[in-house]
Structure formats: structure tokens, C-alpha cells
Amino acid sequence: MFRPARMKKMTAVVYGGDIDDVLSGLGGLSAVQVYDAGESLGGEEAYGRITHVLRRVSSFVSDWSKPESVRSPALGDGVVKEAEDALSTAEEESKGVASRFENAAQRIAQLEAVQKQLRLLKEMGLNAAWLKEGRSLYVKSGLIDAADLALLTGVLDDRTKGGFIIQSSGEERLLVVAAVASSDRQHLDHAFSAVRFEPLNIPSDASDTSEAVKKTEKEIKETQKEYAEAEAALTAFRRSKAPQLFGLKSALEFEHKLAEAKSKMGSTKHLRIIKGWVPSKKAEAVEEAIKAATKKAYILRFEDPAKEELVPTSLDNPGFTKQFESITREFGLPYYGEVDPTLFIAFSFPLIFGMMYGDVGHGLIIALAGLFVRRRTGGLNMGTVILLCGASSMVFGALYGSYFGKEDFIHGLLFSPLELVKEGKTKTVVGYALAVGVIQMGLGLVLSTVNRASNLGLKNTALGSLGRALLFVGVVSLITVLFGFPIPAFTLVSAIPLPLIGLIGVVLPIGLITLEEVIHASHHHPSLMGLAGAAGNGAFEAADSMIMFLSNTISYSRIFILVLIHGLVSEVIFTIGKLVSAIPLVGAALNLAVVIGGTVALLLALEGLVVYIHTIRLHYYEWFTKFYTAGGIEFTPFTLRTLR
């Protein structure tokens, strides 16, 4: 719950003849991440062959529709040969029909390009026959970018001294026809080489442009008919081959997983050795599966992982808290043995979202949206998160007295942030917002101490942890005294002299953090230079922590800012609605449109997204940085879901 699932290191020894049944049983459980046991079975060649054939089949059917039913082949060594033969046959049979289909598609594209060019010529009043080279006139035509027309004209004017004719038609890509005297041929070619030029692709026998357009349209229709026939033939071919090829693909995927697992096993002449990671709570089920597959002829051992081993991480959170694992995963998985923040996120995320977006009506809409997503996705992940965020918004909306953006007709159970600001009590609201940060960051420091103590031992981390805690308290105290924010539980420090706060809350903690570094270095680098370096490193780390505590704590003021924005935007929407309501005849309709449109577009869509992003930020950058490294490797169990 507070940490990833406990893992056991499994070693199983079974007879070679039982290995397929054992792997099938384990694959059905999805409980063992197999890792390399040392000397393999020597099955790399078979594994490589299966991989190659599977890739060929997958590529061949990649754009096919999967049939409702497939033809499942017999599993075993023969499935690879069967797949190779079936694929070779299908590839050979598909060449003709696929070629017809592709050629027709290419021909249609070519004809449509020609048709477009001919229509541009027709718009310009030019006949295709005029584009041919004469004795005294050199004509060149094609497509260029509209932005290049001035460049083309300038080069021609410079080279031919104005002795040219040019016409153009089109928008982004222009059809340009240019003519010069035959003696200036090289100048025209040079001018077109300076721009992105695409020559016209008009048939050489075209003379009358209108007739050429009609002829091309006729060819397009004929080719489209060929295309439709080829497409129907290709669809029929795929439909006839799909059950066999998709069945072979599933069988190859199954055999591929088996071969991959076997390639990681150790072996003797008669025995096979499987090593892997197993969640502790699934160890008994794994043993039962091996027992059933081997008729009790096996050796099985489970061990706790050594401290230095890189153990895969499997998150293990109960009930609704599991739905918040996606937020943890987005940042990164915890190391094995590190605190899993998911359980805390399940409570703090909706809480902070609700504080920033406190409104009963808008929260209800968000909650209903979450309920809709939850039902559409089977209760997974974001639907539950959105639902709880909406519910939290409703609770804080009742505390603020905010109902669909209105804060003036039902008194809040706690206070109205907007009213406090209007009364000049801005610092009071900011103080409450910063208090949330103090609580959450304080929890982060506690979790950091837990992580450090589990890795290094409490006696090796006590000084540093105490120093960081005192430094954090000192920074919050300085914020309270210097900026005047009445952070609950810290208001009493205003009576303490500032030098004393600096001594206890800054100087002493820096000394403790530095001392821990020096003590640690004395065990590993007892030289004078080593101790001096450790002292410098400790002092630098303490100063960095102080700056981070200051900026992170102030960052929680965004809670107040977003609460204020929600109230102000709501007021603006209702004010605009009231103004347009005075318009004769349509005023009432416009008022309704402004209120509904503004609520949906600004308050629900835009502001809801902004609040979500800021809630994520407070967790990832202000909180996670206190204790969370997120360097874990995900547990990926060996899984077989099909055919057996």
C-alpha cells in the first residue's frame, strides 16, 4: 500500500519434457517476470526464426481487418513452417491483384494532376498545342510557388532585357507559361532553375485544351472503374486469407513468448531452470501452477531480494486509490522499497483541485462528466479521478458559498475568498493557501526521512533529516514574519525576534546538514581534503534546500490565485450577460447564450484544464521533489492469453 508490492526471487527446476506445460501455467497466471538464468537452452536460432516469421506475417496483415473468427493451427514446432508456407503462398497470390490496385491508384492520381493543369490552361485561354516549341519561339510551362513569380519575372527581365512573355494562373502553386525567342532559350531555362519548378505533364498529342479536358475526364472514370474492381478483388482475397493468417499470427505470438522465455533459462541434459520475480502474494499460486504442470516433480525456491538488487516495481494500491496510479506512472515508478505516493495522491489531488475550483454547480458538472467517463471505460483511471475532483469542488463550493459562479445568494459555510479580497483580507486567504503547501511539503519531508532511513539506516540520516525539517520550519517562519502571511500554526513566530529565527531556523539546520555530510565522509574519505569537500557540499546542499523550500512554499499561493480567478471570471460572464440582456427582442436569448457559453468554454473547459495542470504541478514539482526519485523499472510478467 505505502510501498510497491513485495517481491520474491524465484528459482524453479523442472524436467525438460514438462517445460511447455509449466510455461503455459505460469503464462496464464501473469505472475512471473522471467529473467536470464545464465547458460540458455541454445534456442536462440529458433527464437530468431520465430521472430522473423512473426514480423513478416504482422507486416503483411498490418492494414487488414481482423476477422470475427480465425483458423487456429496446431501449436508446436510445425507452426513456424506452416506460417512460412502460408505467407509465401499469400504473397505470391496477392502480387497480381495488389499490383492492379496500386497501378490504378497511381494512374488516377496522375490523371487528376493532368486534369488540374489542363483546367488552369483553359482558364488562361491557352491551347495545349501552343506550348510546343517552334522555330523562332521557345516555350516553357509548369508549376511554381506563388511567392517565386516575382523572382522568375525579375531574372527573365534581367537576362532577356524584357524580351519575354509570361502568363500565370492559380493560387499557392501557379501554372506559369513563359515564352522567349529561341536565341534566349538558355536564359529561360536558367530562370526556371532558380525556383521550385514542376514541368507540365500534359500528353504530347494534346492540341485543343477543352477536348483534352474531356478526354482526361473519360480516362479518369474508366480508371476509377478499374480501381473499384481491383479493390473488390483485393478485399475478397484478404477476406479469404485472413482467418488462416490471423490464426497463424496468434499462434506465432504464443510460440514467440514461449521461445523468449526458454531463451532465458538455464539447463542441464534433462532439467530446465527458470528464474524470475514474483509478487509475494502470488507465490503460492505460482507453486500450485508448477505443481499441477509437473505432477509434483519439481524444485522451487523463493528468496527475498538482496538490498543491492534491482527489483522490478509492481504498484499495489487498494480500492479507488488504484485509479490514481496513472498520475504516479506519468512521473515515474518508485524504486522497489521506496514509498509509493499513490495513496497520498488519492486524497491530496482531489482536495487541492477542489480548493482551487470550489463551486457546487460547476463541480457537479465535472463529477457527472467523471461518472460518464467511468461508465464508458469500465471504472478505470481518469473517470474516477475526475469524479472525485468534481465532488471535492462541490464540497469547497459549499464552504465558499459558490453556486454556478454566484457567491451572493447562499452564505458559505467557511468564507467567500472573493469577499475577503474585497474586504482587504487578501493575506488571510494566501495564508490558508500556503498552509496547504506547508502540510503537503511537511509530509514530503517525513516520507523522505522514511526513504533515507530504509536505505541508509536511521542513525545515518537523523542529523540531515532533522536539519531539513528545522530549515523548512525556519523558511516558513521567515515567510510569515517578513511577508506578513498569517499561516496557521506559524502566526505565533511573529513574536520571536528575527535573529533568533535565523539562528534556529537557518544557521543551526545548515550546520546539521553539513555535519551529516562530514560524518559520512569520515567513514569513506577520512582525508582533510575529503572532509573539507564534504563540508562544502553539505553547505551548498543546505543553501539549495533553503531556496527550494522558499520558492516551493510561495508556489502554493496559486491556490488562492485560481480561486480568485474562478470568482472574477464568473462575475465577468454574468456582467456581460446582464449588459446584453438589455438588447430588445433578443436580450434574454443572448444573456442565456453568454452565461452558458462562458460557463462551458471558460469556466469548465479552459479553467478546469488550467486547475488540473496546476494541481499536477504542485504534486510533481513542489511535493515529489522532497522525497521521490521515480527511477523504478516496471514489473512485466510473462503472459500467455491465447490458444492454450
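The values are calculated or read from the model by the stated rules, or taken from the named source; none is laboratory data. What you see is a predicted model; the values in this text were computed from it and never measured. No Cβ is skipped: glycine too gets one built from the backbone with ideal geometry, and neighbour counts run over all protein chains shown.
Summary of values
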{"item": "Only listed residue being surrounded by 20 or more Cβ atoms within 10 Å (Cβ to Cβ) and closer than 25 Å to residue 24 by Cα, chosen from 312, 350", "result": "312"}
{"item": "Qualifying residue in segment 614-630 (condition: among the small types (Gly, Ala, Ser) and at negative phi)", "result": "no"}
{"item": "In segment 384-416, the residues that are in a helix (DSSP H, G or I) and without any contact (Cβ under 8 Å) to a residue 24 or more places away in the chain", "result": "386, 387"}
{"item": "Qualifying residue in segment 574-592 (condition: modelled with pLDDT under 90, closer than 29 Å to residue 432 by Cα and either among the hydrophobic types (A, V, I, L, M, F, W, C) or not in a helix (DSSP H, G or I) (or both))", "result": "yes"}
{"item": "Filter pass, residue 615 being modelled with pLDDT of 90 or more, in contact with a helix residue (DSSP H, G or I) (Cβ under 9 Å, 6 or more places away or on another chain), closer than 24 Å to residue 340 by Cβ and surrounded by 19 or more Cβ atoms within 10 Å (Cβ to Cβ)", "result": "yes"}
{"item": "Selection count where residues are farther than 25 Å from residue 23 by Cβ and modelled with pLDDT under 90, scope segment 293-317", "result": "3"}
{"item": "Index of the failed condition, residue 238 passing every other in (1) of a type in the set (D, E, K, R); (2) surrounded by 13 or more Cβ atoms within 10 Å (Cβ to Cβ); (3) without any contact (Cβ under 8 Å) to a residue 60 or more places away in the chain", "result": "(3)"}
{"item": "Within segment 199-216, considering residues that are part of a helix (DSSP H, G or I) and of a type in the set (S, T, N, Q), the one modelled with the highest pLDDT", "result": "216"}
{"item": "Hits in segment 162-198 (condition: exposed (fewer than 14 other Cβ atoms within 10 Å of the Cβ), modelled with pLDDT under 80 and not small (Gly, Ala, Ser))", "result": "165, 171, 172"}
{"item": "Residue within segment 293-309 that is in contact with a Gly (Cβ under 7 Å, 6 or more places away or on another chain) and surrounded by fewer than 18 Cβ atoms within 10 Å (Cβ to Cβ) present", "result": "no"}
{"item": "Out of 551, 522, 570, sole residue that is free of Cβ contacts under 8 Å to residues at least 60 places away in the same chain, under 30 Å from residue 606 (Cα atoms), of a type outside the set (Val, Ile, Thr) and in a helix (DSSP H, G or I)", "result": "551"}
{"item": "Single condition residue 463 does not satisfy, out of (1) within 22 Å of residue 505 (Cα to Cα); (2) in a helix (DSSP H, G or I); (3) out of contact with any Asp or Glu (no Cβ under 7 Å at 6 or more places or on another chain)", "result": "(3)"}
{"item": "Of residues in segment 518-554 being modelled with pLDDT of 85 or more and of a type in the set (S, T, N, Q), the one nearest to residue 437 (Cα to Cα)", "result": "553"}
{"item": "Residues within segment 547-592 that are among the hydrophobic types (A, V, I, L, M, F, W, C) and farther than 25 Å from residue 418 by Cα, tallied", "result": "11"}
{"item": "Hey, residue 110 of a type outside the set (D, E, K, R) and either farther than 21 Å from residue 231 by Cβ or outside any helix (DSSP H, G or I) (or both) or not", "result": "no"}
{"item": "Any hit, segment 94-115, residues being over 30 Å from residue 222 (Cβ atoms) and either free of Cβ contacts under 8 Å to residues at least 60 places away in the same chain or not assigned by TED's automatic domain parsing to the domain that holds residue 254 (or both)", "result": "no"}
{"item": "Where residue 611 falls short, out of the listed (1) within 29 Å of residue 507 (Cα to Cα); (2) touching a Phe, Trp or Tyr at 6+ places or on another chain (Cβ under 9 Å); (3) not polar (S, T, N, Q)", "result": "(1)"}
{"item": "Residue match in segment 302-317 (condition: touching a helix residue (DSSP H, G or I) at 6+ places or on another chain (Cβ under 7 Å), outside any loop (DSSP other than H, G, I, E, B) and touching a residue at least 40 places away in the same chain (Cβ under 8 Å))", "result": "yes"}
{"item": "Residue in segment 268-287 that is touching a Gly at 6+ places or on another chain (Cβ under 7 Å), part of a loop (DSSP other than H, G, I, E, B) and outside the structural domain of residue 96 (by TED's automatic domain parsing) present", "result": "yes"}
{"item": "Test: residue 563 is closer than 30 Å to residue 428 by Cβ and in contact with a Pro (Cβ under 9 Å, 6 or more places away or on another chain)", "result": "yes"}
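Quick grid of which residues meet (1) within 30 Å of residue 559 (Cβ to Cβ); (2) hydrophobic (A, V, I, L, M, F, W, C):
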position: 311; (1), (2): no, yes
position: 317; (1), (2): yes, no
position: 333; (1), (2): yes, yes
position: 349; (1), (2): yes, yes
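Table: residues versus (1) among the polar types (S, T, N, Q); (2) assigned to a loop (DSSP other than H, G, I, E, B).
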residue: 49; (1), (2): no, no
residue: 52; (1), (2): no, no
residue: 62; (1), (2): yes, yes
residue: 67; (1), (2): no, yes
residue: 86; (1), (2): no, no
residue: 92; (1), (2): no, no
residue: 118; (1), (2): no, no
residue: 123; (1), (2): no, no
